[in-house]
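What follows is a set of notes on a single structure, which appears directly below.
The values are calculated or read from the model by the stated rules, or taken from the named source; none is laboratory data. Note that the coordinates shown come from a computational prediction; the quantities given were computed from them, not determined experimentally. Because the Cβ atoms are built from the backbone with ideal geometry, glycine has one as well, and the counts that use them run over all protein chains shown.
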Amino acid sequence: MSVIDTAAPHPDRCLCALHSRRLFTGLLAAGGAALLAAPASAQDGLAGDVGKTSGFTKLVSAEQIEAAAEQQYRQMLREAASNRTLAPKDHPQVVRLHAIANRIIPHAPPWNGRAKQWRWEVNLIGSPQINAFCMPGGKIAFFWGILQKLQLNDDEVATIMGHEAAHALREHARERMGKTAATRIGAGLVSSLLGLGGLGDAALSMGGQLLTLQFSRSDETEADLVGMDLAARAGFDPAAGVTLWQKMMAASKGSPPEFLSTHPAGETRIKDIQAKLPKVEPLFAQAPRPARRFEPPSAR
């Protein structure tokens, strides 16, 4: 049985440009079991390179953030459907995204126990933007532009998907919202609000920021590490991160893609990926390979 719960397909298969709106790359949240559960010794991968989840996540309810994300995700899908830009479930590129996700998702729970109960979804939006994201509760979206303009192979798609899922698994959005809520209420009140009341209310009022929330560069670097680990365990070449960011750098000449707005510089990113490859290549070597490989959409 598939681990993906797909949105109902729209009868019109036209993929035209979605009206312009700012979407952030990888929004997320979730997680009650915040501490990282290390894999078995011979399969550590990059677990030792990632620290504990921030205590600020405890100031915000995962359930509240996931509910807000669910609402915003559904609204986005409704708008895409009304504009005939929501790809149907049987579209070749949607089938491709589901196949890749079904290999990555089973490796998510060791990074965050809540991932076992998420209703993961993957949808494709017919926007020319070079962008992708994952919302709280495993709500993933890819934009047509990132697949078509960059001509991504399956390993590169898996690298992006792993990175975006990592933001959710590492609770980066929940951490940032917790910090903001604590700041707004005042440091002096934090200790007296262990029941979360005021902090929870403040965080809930920030739910509308999920589609514009930006992560720090340290968050992005951490998502790279976790994403590499996930992709390698799923049988996708982690070295694809190098070619992916070479393509991103080429696409950034002129007007940088939205996907790159808060990310570390491409050259720095490539060096960091190359430095970590020795730790994840053994995972890739031992992982079963996908039974099917897919082609990117036509470049025209």
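The residue pairs whose first member lies in the range 223-248 and is surrounded by fewer than 24 Cβ atoms within 10 Å (Cβ to Cβ), whose second member is among the hydroxyl-bearing types (S, T, Y), and whose beta carbons are closer than 8 Å, counting only pairs six or more residues apart or on different chains, are A240/T159.
State which residue pairs qualify: first residue under 17 Å from A232 (Cβ atoms) and touching a residue at least 40 places away in the same chain (Cβ under 8 Å) and inside the range 149-171, second residue surrounded by fewer than 24 Cβ atoms within 10 Å (Cβ to Cβ) and among the basic types (K, R) in any location, beta carbons under 6 Å apart, and separation of 6 or more residues or different chains. Short answer, once both residue conditions are applied: D154/R293. Of the helices (runs of 4 or more DSSP H) lying entirely inside the range 125-213, the ones with 1 or more residues being at pLDDT below 95 and surrounded by fewer than 18 Cβ atoms within 10 Å (Cβ to Cβ) are found at 172-185, 187-190, 197-205. In this structure, is G235 over 15 Å from the mean Cα position of the chain (by Cα), modelled with pLDDT of 90 or more and either of a type in the set (S, T, Y) or within 20 Å of A115 (Cβ to Cβ) (or both)? Spelling it out, G235 is indeed over 15 Å from the mean Cα position of the chain (by Cα), modelled with pLDDT of 90 or more and either of a type in the set (S, T, Y) or within 20 Å of A115 (Cβ to Cβ) (or both). Residues that are among the polar types (S, T, N, Q) and surrounded by 17 or more Cβ atoms within 10 Å (Cβ to Cβ) within the range 71-97 comprise Q72, N83, T85, Q93, listed in sequence order. Going through the range 58-84 one residue at a time, which ones are part of a loop (DSSP other than H, G, I, E, B) and either closer than 21 Å to E156 by Cα or touching a helix residue (DSSP H, G or I) at 6+ places or on another chain (Cβ under 8 Å) (or both)? Passing the criteria: V60, S61. Among the residues of the range 238-258, those identified as outside any helix (DSSP H, G or I) and either modelled with pLDDT of 95 or more or on the phi < 0 side of the Ramachandran plot (or both) are P238, A239, S252, K253, S255, P256, P257.
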